[in-house]
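All remarks here apply to the structure that follows.
The values are calculated or read from the model by the stated rules, or taken from the named source; none is laboratory data. As the structure is a computational prediction, the values presented were derived from the model and not from experiment. All Cβ positions, even for glycine, are placed from backbone atoms using ideal geometry, and neighbour counts span all protein chains on display.
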């Protein structure tokens, strides 16, 4: 396997049934949180288990304090990974039908726990179907194992850090939402519209080519170097609405060979809980 965090449908198909590989279906809809599970039950990649963004890949929401998708407790997530049969030797491939916007969350969480054998299916469910690879409705029976986390806390930052660094010329904070939401227009999800003061707009969907696959590493490298003013990975912070699709930018950034940038996991839905943090509008 290459150093890229992406895997093609053809390369994944060659690994189906391998004991040390696991596919995880991450299909999800914020507008209908049960849709992904229903679609998984209807048809999925053979051997895949289902991971729900709310139930498996997020912690409990505390109104007025956390964002919509706080990070899960590391021990709780590790236990779930073990239940799925993931251990240190397991290669994990996440996929969705949203250009990788949800699958990237699991990829990032695995890296946060120190698991390096993690990939996202480039082109997702659509690429798998377009290639004519097999589908099933059978739920696999996995043997539970022990997943031992090796937490990398340096990969995530909090609101205090972001507030402190958002106007520091040595750092850059990038908003992964679409330009309309960044500008404070047509906000339909969060109660306050706008963006973190000082943040630049870096919509995650711009990482993709028209066919739904990621752009090549060189194109992404040029994109990020222009957007992020050449800041190094440890001085680059991505956020989104709730810490999910920001992981798509982190994935693309890694695919471009730029390293591991930082995630503000609470993101906009946490930021707006404190009016003293400030809100900016316009731009994009």
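Couple of notes before you dig in:
- Hey, residue 47 in contact (Cβ under 8 Å) with a residue 40 or more places away in the chain, more than 24 Å from residue 246 (Cβ to Cβ) and either in a loop (DSSP other than H, G, I, E, B) or under 16 Å from the mean Cα position of the chain (by Cα) (or both) or not: yes
- Tallying residues that are in contact (Cβ under 8 Å) with a residue 40 or more places away in the chain, part of a loop (DSSP other than H, G, I, E, B) and in contact with a helix residue (DSSP H, G or I) (Cβ under 8 Å, 6 or more places away or on another chain) within segment 70-101 yields 8.
- Checking each residue in segment 250-284 for being buried (at least 24 other Cβ atoms within 10 Å of the Cβ) and over 21 Å from residue 164 (Cβ atoms) picks out 251, 252, 253.
- Count - residues of segment 7-19 that are modelled with pLDDT of 95 or more, surrounded by fewer than 14 Cβ atoms within 10 Å (Cβ to Cβ) and not in a helix (DSSP H, G or I): 1
Residues are listed down the side, and each one gets a yes or a no for (1) in contact with a strand residue (DSSP E or B) (Cβ under 6 Å, 6 or more places away or on another chain); (2) under 30 Å from residue 192 (Cα atoms); (3) assigned by TED's automatic domain parsing to the domain that holds residue 17; (4) at pLDDT below 95:
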{"site": "59", "(1), (2), (3), (4)": "no, yes, yes, no"}
{"site": "70", "(1), (2), (3), (4)": "no, yes, yes, no"}
{"site": "88", "(1), (2), (3), (4)": "no, no, yes, no"}
{"site": "102", "(1), (2), (3), (4)": "no, yes, yes, no"}
{"site": "106", "(1), (2), (3), (4)": "yes, yes, yes, no"}
{"site": "113", "(1), (2), (3), (4)": "no, no, yes, no"}
{"site": "124", "(1), (2), (3), (4)": "yes, no, yes, no"}
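- Scanning segment 183-204 for residues that are over 23 Å from residue 166 (Cα atoms) and in contact (Cβ under 8 Å) with a residue 12 or more places away in the chain turns up just one, 189.
- From the options 59, 67, 36, 111, residue that is assigned to a loop (DSSP other than H, G, I, E, B) and crowded, with 17+ Cβ neighbours inside 10 Å: 67
- Residue 133 meets all of the listed conditions (1) assigned to a loop (DSSP other than H, G, I, E, B); (2) out of contact with any strand residue (DSSP E or B) (no Cβ under 8 Å at 6 or more places or on another chain); (3) crowded, with 20+ Cβ neighbours inside 10 Å but one, namely (3).
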